[in-house]
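A.B. asks: Sending over a structure as structure tokens; questions will come in a sec.
The values are calculated or read from the model by the stated rules, or taken from the named source; none is laboratory data. All values derive from a computational prediction rather than experimental measurement. Here the Cβ positions follow ideal geometry from the backbone for every residue, glycine too, while neighbour counts run over all protein chains shown. The accessibility values were calculated without ligands, DNA or RNA, using every heavy atom of the protein model including side chains. Shrake-Rupley method; radii C 1.70, N 1.55, O 1.52, S 1.80 Å.
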Amino acid sequence: MSSVWHPFTQHGLGEPIPMVDHAKDALIHTADGRSFIDAISSWWVTTHGHCNPRIMAAIAEQAGKLDQIIFAGWTHAPAETLAAGLREILPEALEHVFFSDSGSTAVEVALKMALGYWHHRGQADRSRILVLEHSYHGDTIGGMSVGARGVFNRPYQPLLFDVGTIPFPGAGAEQATLDALEAECRAGAAAFIVEPLVLGAGGMLFYTPALLAEMAAVCARHGVLFIADEVMTGWGRTGTLTACEQAGVVPDILCLSKGITGGAIPLAVTLASAPIFEAHWSEDRARMFFHSSSYTANPIACAAAVANLAIWREEPVLDRIARLGQWQQAALDRLAGVPGLVNHRRLGTIAALEIEQPESGYLSAIAPRLMAFARAHGVLLRPLGNTVYVMPPYSITCEQLDQIWKLIPAFLDAPG
Ligand SMILES: *Cc1c(COP(=O)(O)O)cnc(C)c1O
């Protein structure tokens, strides 16, 4: 038996763990010769497709030149080029780029920046963080603290800090959200962290750009920092480079990871506006931003991200995304009226629906059954409870996508 302890895996159930050997575009190949269509972009990271040749070449080239260097007080071309490139495609106000390694650390950095901002401005008591109900921001202690509480983090509850939870702005409930946010902001919060337009792990829950804009405006009125966690929504997932773009929102702090390297290698950035950087700027060493991880701005990861930026600049990525969105919509439309399927919805490349059943929630028995059914039919799918979503790499073919969606009615028809 393998000694590997897998994430989000109950080893006690003895479910099979396929051994993956190689992958290309939307296809994953196992060591025993099977292949699987990657319907979830290997957990939301793979954007263009597996082993994109330009990103792989950039990694190989950088690996022959500079592998790793301390980033405190040192720099290198891939990091500088990447920071400049991000500045070009992101809102002008996000002037400063801080590197880390994962979505969770990008969020931790954002929270620390927000607290540091208020502390250094002499308002250390302004430390309350506001969050949206059903949010997910990562599995570190800070990330869990600002995320939805549930079975995922029950044992760690004693360590999680208190936050102000704003009700999710479901259709018809928007005013309640804005009123709650207004009240919390008036009481003097430090920051509001949101997943713009789509709450991913919370069940692919969508809300409107208009509401995102209104929430940002409430925060701005009260000087509450607006943190956009675009770790999942960034890099084209919602149809635009960032989801905030659709609402005309410029956050004070922006977290990006997952697709930043095309999903090839870990990297994250937290971008901050000038006032946040300036609050830490001083001749006093005690005010510097006390955060680093060993691999901050790893040159090989940065080179992969620079290649990703070149792909965005030089290839019709948004056209591919729009086409994938149309295929997704057509697939959803074909399932309209199928008994047992509800809440069909799509934003950009993300399509989701619910399988109606008495028992819902993340541990709903339907998820592992559908996952196993999909696997038996050559598809990597990972439902969130009874929520089924498809979020494939942008290079998936129409035929591959149809193969994924055909599984859902087949699953409903299957015995047991
Ligand atoms: C995945 C995700 C994270 C955590 O990213 P990791 O790289 O897994 O640490 C944070 N926020 C959102 C919105 C995510 O989807």
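A.B. asks: Identify, from the list Y117, Y136, the residue that is surrounded by 16 or more Cβ atoms within 10 Å (Cβ to Cβ), within 18 Å of the chain's Cα centre (by Cα) and either at pLDDT 95 or above or closer than 22 Å to P299 by Cα (or both).
C.D. replies: Only one candidate qualifies: Y136.
A.B. asks: So A210 passes all but one of these: (1) within 12 Å of the ligand (Cβ to nearest atom); (2) in a helix (DSSP H, G or I); (3) not β-branched (V, I, T). Which condition number does it fail?
C.D. replies: Every condition holds for A210 apart from (1).
A.B. asks: Next question. Is there any pair with a first residue in the range 99-110 that is without any contact (Cβ under 8 Å) to a residue 40 or more places away in the chain and within 9 Å of the ligand (Cβ to nearest atom) and a second that is among the β-branched types (V, I, T) and open to solvent by 10 Å² or more (accessible area, probe 1.4 Å) whose Cβ atoms are under 6 Å apart and which are 6 or more apart or on different chains, and what are they?
C.D. replies: Within 6 Å, the pairs are S104/T140.
A.B. asks: Within the range 148-164, work out how many residues are open to solvent by 10 Å² or more (accessible area, probe 1.4 Å) and within 20 Å of the chain's Cα centre (by Cα).
C.D. replies: Total meeting the criteria: 4.
A.B. asks: So if I check each of L199, L115, L159, which one is without any contact (Cβ under 8 Å) to a residue 24 or more places away in the chain and touching a Ser or Thr at 6+ places or on another chain (Cβ under 9 Å)?
C.D. replies: Exactly one residue qualifies, and that residue is L159.
A.B. asks: Oh, and also: Filter the range 182-202 down to the residues that are within 12 Å of the ligand (Cβ to nearest atom) and of a type outside the set (D, E) and list them by number.
C.D. replies: Residues satisfying the conditions are I193, V194, P196, L197, V198, L199, G200, A201, G202.
A.B. asks: Of all residues in the range 125-163, which are hydroxyl-bearing (S, T, Y) and within 23 Å of T9 (Cα to Cα)?
C.D. replies: S135, Y136, T140, S145, Y156
A.B. asks: Among the residues of the range 262-276 satisfying the criterion of being open to solvent by 20 Å² or more (accessible area, probe 1.4 Å) and within 16 Å of the ligand (Cβ to nearest atom), which is nearest to G234 (Cα to Cα)?
C.D. replies: G263
A.B. asks: Name the strands (runs of 3 or more DSSP E) wholly within the range 1-97 that hold at least 3 residues that are open to solvent by 60 Å² or more (accessible area, probe 1.4 Å)?
C.D. replies: 20-24
A.B. asks: Has the range 330-352 got at least one residue that is open to solvent by 20 Å² or more (accessible area, probe 1.4 Å), closer than 20 Å to T46 by Cβ and in a loop (DSSP other than H, G, I, E, B)?
C.D. replies: no
A.B. asks: Looking only at residues in the range 147-164 that are assigned to a helix (DSSP H, G or I) and not basic (K, R), which one is farthest from E108 (Cα to Cα)?
C.D. replies: P155
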